[in-house]
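Note sheet for the following structure.
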Amino acid sequence: MKPIKLKRILAAVAVAGVLSAGSVSAQEMTFFRIGTGGAGGTYFPIGGLIANAISNPPGSGKTCEQGGSCGVPGLIAIAQSTNASAHNVTAINAGQMEAGLTGAATLYFAYHGEGKFAGKAKPKLRIIAKLYPEDMHLIMKKGMNMNGLGDLKGQRVGIAQAGSGTQIAVELILDQHGVNRDNIDEAELNNAQSAERIADGHLDAYFYVAGTPVAAMIQLDNTKGMEIYSFSDDEVAMAHEILPYYGQSIIPAGTYAGIDYDVNTIAVNGILVTSIDQDEQLIYQITKALWNDTTRKLLDNGHAKGKVIREETALDGIKGLNVPLHPGAERYYKEAGIMMN
């Protein structure tokens, strides 16, 4: 992997905190890229919090015990904006990123080579931790009403960016209701772009899976207004049949100021993953840094979904995916008593 000039790295971190990075510099700095998602979603800010928590560049000063950084010594982690789940698992398996966030369904399909990953399995993927539930949002223009997902026929619909976990799930769900690219005017856009298109009248509805509340949706709600489609119980059950790692969920009234009703929807767990090629000791140290008291404060204060990222639930739902933990993460969880030896 080619080294990246330090000047370029520091400039990019100062401006956006997002960067493609090399591995180890002459000063023994280790760079660790974490694939996230679009800037208007939840993966990007959560990835930034995790990157901040596990980083501890050379010359940081105080030790963790002295009130300084509690990250991995010499590590500079960078949250990199991407097209989210499907992009991240592909890049990690190919060695183009060291870690990333993904939905459980995408991880399952990618690791086992099923669905859109048929014949393109990603066997190097390994789990570090389950993070938080991600709700499927079907955002509609203000005042729009539908009696069922089939009503999307003939509409201008955002189906998320190409290669994203959201798009994989959305196309499978819509197909159950006779909706496809032949009978909608589809748009492959990220969350922020989709919200902008709703606001300017160029989209009728769009899908996005993310932890609530979502920044771009807050802005849309506060400016032009919006509606969120509430799935029927039958639609939830049908979605679960083809996407078993999605379950029923509720977005409570008031999550977005203009939405004064509970939204019945589906949700999937967001997971932090890496590659088996990553050093066991490094991933052990990263996992340990993820769950220390300093990180707890960063997560609690940094984002609403950060509060539900907890060590005691880090392995919830993992067994059913049949995707291995990274040996470094497994070692930490056994030492911490979270996992039996």
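The values are calculated or read from the model by the stated rules, or taken from the named source; none is laboratory data. Just so it is clear, the model here is predicted, and its values are computed rather than measured. Backbone-built Cβ (ideal geometry, glycine too); neighbour counts: all protein chains shown.
Which one is surrounded by the fewest Cβ atoms within 10 Å (Cβ to Cβ) among residues in segment 14-50 that are touching a Lys or Arg at 6+ places or on another chain (Cβ under 9 Å) and at pLDDT 90 or above?
45
Quick check on my filter: what residues within segment 283-341 are within 23 Å of residue 109 (Cβ to Cβ), over 18 Å from the mean Cα position of the chain (by Cα) and surrounded by fewer than 18 Cβ atoms within 10 Å (Cβ to Cβ)?
319, 320, 322, 324
Report, ordered by the first and then the second residue, all pairs with beta carbons closer than 6 Å, sequence separation of six or more or different chains, a first member in segment 215-239 that is buried (at least 17 other Cβ atoms within 10 Å of the Cβ), and a second member that is of a type in the set (D, E, K, R) and at pLDDT 95 or above.
Sorted first by the residue in segment 215-239, then by its partner, the pairs are 226/142.
In segment 315-327, is there at least one residue being in contact with a helix residue (DSSP H, G or I) (Cβ under 6 Å, 6 or more places away or on another chain), part of a helix (DSSP H, G or I) and either modelled with pLDDT of 95 or more or of a type in the set (Ser, Thr, Tyr) (or both)?
For segment 315-327, residues in contact with a helix residue (DSSP H, G or I) (Cβ under 6 Å, 6 or more places away or on another chain), part of a helix (DSSP H, G or I) and either modelled with pLDDT of 95 or more or of a type in the set (Ser, Thr, Tyr) (or both): present.
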